[in-house]
Amino acid sequence: MSKRIELLRLDYTFSVIIPILIAIYLNNLNPFEHFDIIVGFIFLAITGNTWNDVVDMKDPNEKETLERVEGYHPREIFTIGLASFIFGFSLLLRTCFTYPINGLFLGIIIVMVLLYVKWLKPIPILNHILLGASHVIFPYFMIKIDAELSLMSTSEWILMFTILGFAVTGQFVHEVIDSDALTRFFSLRQCQIIIWTSAIFTLILALWAFVILEQYYFFPFIFMPIGTMFTFRRPTKSSKGVKDVGILIGNFLMLYFICLITIQMAGVI
């Protein structure tokens, strides 16, 4: 049972769900009115994860992936992703039919993820900026449009790019630990500089968003880039435990915003 669940890599779905939850929280929306979009993106996240594994199964250097899919044929993993895609796409049809621009955004997301999985994953920096945009910016837009709130406030733009900064920085860390694209083009010292630059930029945005939003609930955002800088205070690969810590914190953050939305609906905040 645990082996089958592990194939889905559900612990990574927070990366696309958190921006949606933030859009719902900031705009004081009812999450149940957009529940099909939330679950739809969970399905699409599973598709991206499984199809990424299909590509990685051809690479003998992807030991973690090979261990996870041991005993499975690529077509079987692909089928899981295809079924998940059909379910997710179907759930998102309602908002796409009602608001055609969301259909355009969904198409852009799908193209971006496919480009990443099939061709752009080996290209450092660009790969995760593209992946981050597909996971952060366009899902946020889709929730805003589905709620008929097309205008973005200055604070929302800053917060969105803060979240994008978190996502990109986290992926840089992921690549260094797994010896992926970033380490194939840059030395560990250069990787450290890239990670620190991204983390500092994210920290500045997080502080700015915290001041503008005037919500102490966003206070935890300030500490995450600081933690990244501390972890990479030396030009080392670090341990795989650091990646697990990052994934757990991401899931904690998702639970955090579910809690905020719940008490917001109850009229507590």
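Assorted remarks:
- Residues His34, His73, His128, His174, arranged from fewest to most other Cβ atoms within 10 angstrom of their Cβ, appear as His73, His174, His34, His128.
- Long-range tail of P(r) for segment 212-262 (Cα pairs > 18 Å, %): 43 percent
- For the chain, calculated [θ]222 nm from helices alone, where every DSSP H run of n ≥ 4 adds -39500 (n - 2.57): -24500 deg cm²/dmol
- Given 15 as the ceiling on other Cβ atoms within 10 Å, longest exposed-site-free region of the chain for GluC sites (Glu not before Pro) in DSSP loops: 71-147
- All Cα pairs of segment 90-159, percent lying beyond 18 Å: 44 percent
- Cβ-based exposure ranking for Thr98, Thr65, in which fewest neighbours within 10 Å come first: Thr98, Thr65
- Helices assigned as whole DSSP H runs in the chain whose Cα atoms extend at least 27 Å along their own long axis and whose mean Kyte-Doolittle hydropathy is 0.5 or higher are found at 35-56, 74-98, 154-178, 188-213, 240-265.
- Contact order normalised by residue count of segment 2-265, Cα under 8 Å, 6+ apart, percent: 23 percent
- Shape of segment 27-136, Cα gyration tensor, a/c cut at 1.5: prolate
- Ordering Leu10, Leu151 from the fewest to the most neighbouring beta carbons within 10 Å gives Leu151, Leu10.
- Partners of Lys240 within straight-line reach, counting lysines whose Cα lies under 23 Å from its Cα and excluding those fewer than 8 residues away in the same chain: Lys3, Lys58, Lys63, Lys121.
- Calculated diffusion of segment 99-223, Stokes-Einstein form, Kirkwood radius summed over Cα pairs, 20 °C and 1.002 mPa s, µm²/s: 136 µm²/s
- Rounded to the nearest 0.05, the FRET efficiency derived from the C-beta distance between Met152 and Val268 at R0 = 35 Å is 0.85.
- Dividing the Cα radius of gyration of segment 2-265 by 2.2 N^0.38 Å, with N the residue count, gives 0.99.
Read-outs throughout are calculated quantities, based only on the coordinates presented, and are distinct from any laboratory measurement. It should be emphasised that the depicted structure is a prediction, and the values quoted were computed from it without experimental measurement. For neighbour counting, all protein chains shown are included, and Cβ atoms are generated from backbone atoms with ideal geometry for every residue, glycine included.
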